1. Need a quick list: strands (runs of 3 or more DSSP E) entirely within the stretch 180-291 having at least 3 residues that are closer than 30 Å to Val113 by Cβ and either touching a residue at least 12 places away in the same chain (Cβ under 8 Å) or acidic (Asp, Glu) (or both).
2. Considering every residue within the stretch 149-158, establish whether at least one is within 21 Å of Gly264 (Cβ to Cβ) and of a type outside the set (Phe, Trp, Tyr).
3. Can you tell me how many residues in the stretch 30-67 are touching a strand residue (DSSP E or B) at 6+ places or on another chain (Cβ under 8 Å) and farther than 30 Å from Glu86 by Cβ?
4. Kindly indicate which of Ile43, Ile76 is surrounded by 13 or more Cβ atoms within 10 Å (Cβ to Cβ) and closer than 17 Å to Tyr208 by Cα.
5. Name the one entry in Thr211, Thr153, Thr167 that is in contact with a strand residue (DSSP E or B) (Cβ under 9 Å, 6 or more places away or on another chain), among the hydroxyl-bearing types (Ser, Thr, Tyr), at pLDDT below 95 and crowded, with 16+ Cβ neighbours inside 10 Å.
6. Which residue is nearest to Val176 (Cα to Cα), if the candidates are limited to the stretch 116-141 and must be part of a helix (DSSP H, G or I) and open to solvent by less than 60 Å² (accessible area, probe 1.4 Å)?
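The values are calculated or read from the model by the stated rules, or taken from the named source; none is laboratory data. Owing to the predicted nature of the structure, the values given are computational and were not obtained by experimental measurement. For neighbour counting, all protein chains shown are included, and Cβ atoms are generated from backbone atoms with ideal geometry for every residue, glycine included. Note: accessible area is taken over every heavy atom of the protein model, side chains too, but ligands, DNA and RNA are not part of it. Shrake-Rupley method; radii C 1.70, N 1.55, O 1.52, S 1.80 Å.
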Amino acid sequence: MNYNIIHRTLYEYAAPVSVSHHVARLEPRITAFQSRESFSLRIFPEPTLRKARTDYFGNQLCVFSLQEVHSKLEIITSSRVTVKVEKPLQPESMAAWESVAEMFRDPVSPEVVEPYQFVFDSPQVRASQELSDYVRESFGPDTPLIAGARDLTERIHKDFKFDTRATTVATPLEEVWEKRRGVCQDFAHLGIACLRSIGLPSRYVSGYLRTRPPEGKPRLVGVDASHAWFSIYSPGTGWVDFDPTNNVQPAEEHITVAYGRDFGDVSPVAGILTGGGRHDVKVSVDVEPLD
């Protein structure tokens, strides 16, 4: 599946900003199942300093500074990507989850050092006994790894209500657990925390999701959104994605932008500034299929 993606972010400040420094993670990744034909990033006003680099997790960054007085900041990206359909895994053929967890107990083999870093707590995701008890309903004795992850995905989808007003990007996972509601970021964090609670490596994935209009209705421009899901590491296969918000395994309608331990590692735009006062943020995303 081929896509054109336009992502617009607009910051409007109540008071003038004299200096600001930002980092943007908006460039889709190149993976075994995703290619990137083109990418452009425009910034208004034009930054004084601008530099592209790769972060620790391999995500593409644009680091920039504005050193003139401004009352708004607009970032517009345009991407063209191709996503291939991944061959479905047969969960019953996968190793039991206990044998996978055993691989990530000291001493760790050099072959799994990279996923090993995703076993530990991170700033926004902490393991707990309560989450361990919850996830073990999906990971019983000798349960194949992928079968357990699929069941966990289905249970999160069933047990937690999607509610855009229930949380913000700063809402702690403990509050999401208590309220039993949240958004895609929260459900990705929950899945990761559950898996790490039983010693399995799991990472956060940010990206886009193609949305479909109601039958008979035209596709509206700019109503798509950034999305998030989680991955679990399967030895011999690699990272396998799961989307608890929609109870699916991401395929050709999910576009990957960044990986990290949690949302803090993949925030689309972050920064610090002098001045500004209160500000409004408007984000619009258009994922246009070309096939």
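1. Details: elements: 202-209, 226-234, 238-242, 254-260, 269-275, 279-289.
Hits in the stretch 180-291: 202-209, 226-234, 238-242, 254-260.
2. Let us first name the residues in the stretch 149-158 that are within 21 Å of Gly264 (Cβ to Cβ), namely 156.
Within this subset, residues satisfying the condition of being of a type outside the set (Phe, Trp, Tyr) are 156.
Checking the stretch 149-158: at least one residue is within 21 Å of Gly264 (Cβ to Cβ) and of a type outside the set (Phe, Trp, Tyr).
3. Summing the residues that are touching a strand residue (DSSP E or B) at 6+ places or on another chain (Cβ under 8 Å) and farther than 30 Å from Glu86 by Cβ in the stretch 30-67 gives 14.
4. Values: Ile43 fails: closer than 17 Å to Tyr208 by Cα.
Step by step, each of Ile43, Ile76 is checked, and only Ile76 is surrounded by 13 or more Cβ atoms within 10 Å (Cβ to Cβ) and closer than 17 Å to Tyr208 by Cα.
5. Working: Thr211 fails: crowded, with 16+ Cβ neighbours inside 10 Å; Thr153 fails: at pLDDT below 95.
Exactly one residue qualifies, and that residue is Thr167.
6. In the first step, residues of the stretch 116-141 are kept if they are part of a helix (DSSP H, G or I); the result is 116, 129-135.
So of that shortlist, the ones also open to solvent by less than 60 Å² (accessible area, probe 1.4 Å) come out as 116, 131-132, 134-135.
On the way: Tyr116: 26, Leu131: 12, Ser132: 16, Tyr134: 14, Val135: 16 Å.
Ranking the qualifying residues of the stretch 116-141, first place goes to Leu131.
Yes/no matrix, rows are residues, columns are (1) open to solvent by less than 10 Å² (accessible area, probe 1.4 Å); (2) of a type outside the set (Ser, Thr, Tyr); (3) out of contact with any helix residue (DSSP H, G or I) (no Cβ under 8 Å at 6 or more places or on another chain):
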position: Pro244; (1), (2), (3): yes, yes, no
position: Asp265; (1), (2), (3): no, yes, yes
position: Pro268; (1), (2), (3): no, yes, yes
position: Thr274; (1), (2), (3): no, no, yes
position: Ser284; (1), (2), (3): no, no, yes
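Yes/no matrix, rows are residues, columns are (1) surrounded by fewer than 18 Cβ atoms within 10 Å (Cβ to Cβ); (2) in a strand (DSSP E or B); (3) modelled with pLDDT of 95 or more:
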site	(1), (2), (3)
Ile5	no, yes, yes
Val17	no, yes, yes
Ser20	no, yes, yes
Leu26	no, no, yes
Ser65	yes, yes, yes
Val81	no, yes, yes
Val85	yes, no, no
